[in-house]
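Q: Provided herewith is a single structure, encoded as structure tokens, for subsequent inquiry.
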Amino acid sequence: MNRMYVALWVTLRSRRDVWRLLLLIWVSIGTAAACSPGESGQDAETDARLTTRGAGDLLSGGYDTEGFSAIDPGRPGLAGVLRQAPPGSTPERITIDSLGVDFGSLEAPLRLVEFFDYGCGYCRLFHQNTRALLHEQYVDSGLIYWKALPFITGNWANSVPVTLAAECARDQGRDYFEAISGVIFERQRDWKAASAPEELADGFAEEVGLDMERYRTCFEDDELLWRVQAQTSFAGELDVNGTPTLFVVGVGPLVGALPLETFQQMFDTVLVVLAAQQP
């Protein structure tokens, strides 16, 4: 942890203090790069936002996805995710705990949910340049419990098959999910422009060493389509309007491919405050 921030902010005691500090850091860095709704295949810079939007209440515990709003049918890129899931594949009750891919210790003092779309160029930059370093520093050390949650923004129709492929890979183990996610981001330009992205996804699955019979059954039968649908609905419920978005539970969302140092400053500050609040 950055000693300067420990010394400077160790006396903070309230969430208001945290917000004042985070906003100060935010102003100091200006705008951040994020993929915004409605854009085409081109990545565009948008103003980053910092707001609670009630996320703390939803992410702090047992919110049931039966209350999620419907996926917006008016966005062309969402058509593929609106198809009917096969009978019997969707659980009767879906909780937040059953969504996404979890990393870190349940005992970690800080929790966050990462929302991303595989088609977003800024999500690719975040995954390739920043995410692994944050995991090494905060997740592996037991400071952050991190839930990775891919969803469909509707900007890129081909995101649906590759996201389903990632879910089928996750079904064979978290390491496979990480491996295929890396390939999907690396080959982003290829599958976004492909007329048959399903064939490319099949190649990605084979490249990372999946049991291909099991993968093809999962993919072709839409066995985990319900997860893609629920995660997309969840993102809509939280009004996720830019990707990547990191929802820090109890604090709020950080939107955009921010510099590594900015994430470190924010996480360090919140962790210091949490430690100071312990009896």
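Q: So which pairs qualify, if the first residue must be in the stretch 256-279 and more than 30 Å from GLY121 (Cβ to Cβ), the second must be among the aromatic types (Phe, Trp, Tyr) and outside any helix (DSSP H, G or I), the Cβ gap must be under 7 Å, and the two must be at least 6 apart or on different chains?
A: So the pair list comes out empty.
Q: Is it the case, given these coordinates, that VAL240 is of a type in the set (A, V, I, L, M) and part of a helix (DSSP H, G or I)? So that I can check it myself, show each step before the final result.
A: Numbers: of a type in the set (A, V, I, L, M): yes; part of a helix (DSSP H, G or I): no.
So VAL240 does not fit the description; no.
Q: Now for a separate question. Across the stretch 189-220, what is the number of residues that are closer than 20 Å to ARG174 by Cβ, small (Gly, Ala, Ser) and in a helix (DSSP H, G or I)?
A: Looking only at that region, the number is 2.
Q: Residues to consider are LEU106, LEU78; find the one that is outside any strand (DSSP E or B), at pLDDT below 95 and within 30 Å of LEU200 (Cα to Cα).
A: Numbers: LEU106 fails: within 30 Å of LEU200 (Cα to Cα).
Answer to the selection: LEU78.
Q: Any residue at all in the stretch 256-263 that's in contact with a strand residue (DSSP E or B) (Cβ under 8 Å, 6 or more places away or on another chain), in a helix (DSSP H, G or I), surrounded by fewer than 24 Cβ atoms within 10 Å (Cβ to Cβ) and on the phi < 0 side of the Ramachandran plot?
A: yes
Q: Against the conditions (1) under 18 Å from the mean Cα position of the chain (by Cα); (2) at pLDDT 75 or above; (3) within 17 Å of VAL240 (Cβ to Cβ); (4) part of a helix (DSSP H, G or I), where does GLN128 fall short? Just the number, please.
A: (3)
Q: Mind checking whether some residue in the stretch 235-253 is of a type in the set (Asp, Glu) and in contact (Cβ under 8 Å) with a residue 24 or more places away in the chain?
A: Residues of the stretch 235-253 that are of a type in the set (Asp, Glu), as a first pass: 237, 239.
Adding the requirement that they be in contact (Cβ under 8 Å) with a residue 24 or more places away in the chain leaves 237, 239.
Checking the stretch 235-253: at least one residue is of a type in the set (Asp, Glu) and in contact (Cβ under 8 Å) with a residue 24 or more places away in the chain.
Q: May I pose another question? Scan the stretch 196-221 and report the pairs whose first residue is over 20 Å from ALA157 (Cα atoms) and whose second residue is surrounded by 12 or more Cβ atoms within 10 Å (Cβ to Cβ) and among the hydroxyl-bearing types (Ser, Thr, Tyr), with Cβ atoms within less than 8 Å and a gap of 6+ or a chain change.
A: That search, which allows pairs on different chains as well, returns VAL208/TYR176; GLY209/TYR176; LEU210/TYR176.
Q: From (1) in a helix (DSSP H, G or I); (2) at positive phi, pick out the condition that doesn't hold for TYR176.
A: With respect to (1) in a helix (DSSP H, G or I); (2) at positive phi, TYR176 is out only on (2).
Q: Suppose we filter VAL208, VAL270 for residues that are surrounded by 18 or more Cβ atoms within 10 Å (Cβ to Cβ) and in contact with a strand residue (DSSP E or B) (Cβ under 8 Å, 6 or more places away or on another chain); which single one remains?
A: None of the others qualify; the one that does is VAL270.
Q: Considering only the stretch 141-162, state which residues are out of contact with any Phe, Trp or Tyr (no Cβ under 6 Å at 6 or more places or on another chain) and assigned to a helix (DSSP H, G or I).
A: Those that are out of contact with any Phe, Trp or Tyr (no Cβ under 6 Å at 6 or more places or on another chain) and assigned to a helix (DSSP H, G or I): VAL160, PRO161.
Q: Which of the residues belonging to the stretch 140-177 are without any contact (Cβ under 8 Å) to a residue 60 or more places away in the chain and surrounded by fewer than 20 Cβ atoms within 10 Å (Cβ to Cβ)? Before the answer, list the steps.
A: Filtering the stretch 140-177 down to residues without any contact (Cβ under 8 Å) to a residue 60 or more places away in the chain leaves 140-142, 145-148, 158, 162, 165-166, 168-169, 171-173, 175-176.
Selection gives ASP140, SER141, GLY142, ASP171, GLN172, GLY173, ASP175.
Q: Out of the residues in the stretch 223-240 that are among the β-branched types (Val, Ile, Thr) and out of contact with any Ser or Thr (no Cβ under 6 Å at 6 or more places or on another chain), state the one that is nearest to ARG170 (Cα to Cα). If you could, list the steps in order and put the result at the bottom.
A: Start the filter on the stretch 223-240 by keeping residues that are among the β-branched types (Val, Ile, Thr), which leaves 228, 232, 240.
Filter once more, keeping what is out of contact with any Ser or Thr (no Cβ under 6 Å at 6 or more places or on another chain): 232, 240.
Numbers: THR232: 17, VAL240: 23 Å.
Only one residue tops the list, namely THR232.
Q: I need the full set of residues from the stretch 221-278 which are over 17 Å from the mean Cα position of the chain (by Cα) and of a type in the set (Val, Ile, Thr), in order please.
A: Result: THR262, THR269, VAL270, VAL272, VAL273.
The values are calculated or read from the model by the stated rules, or taken from the named source; none is laboratory data. What you see is a predicted model; the values in this text were computed from it and never measured. Here Cβ is always computed from backbone atoms with ideal geometry, including for glycine, and neighbour counts include all displayed protein chains.
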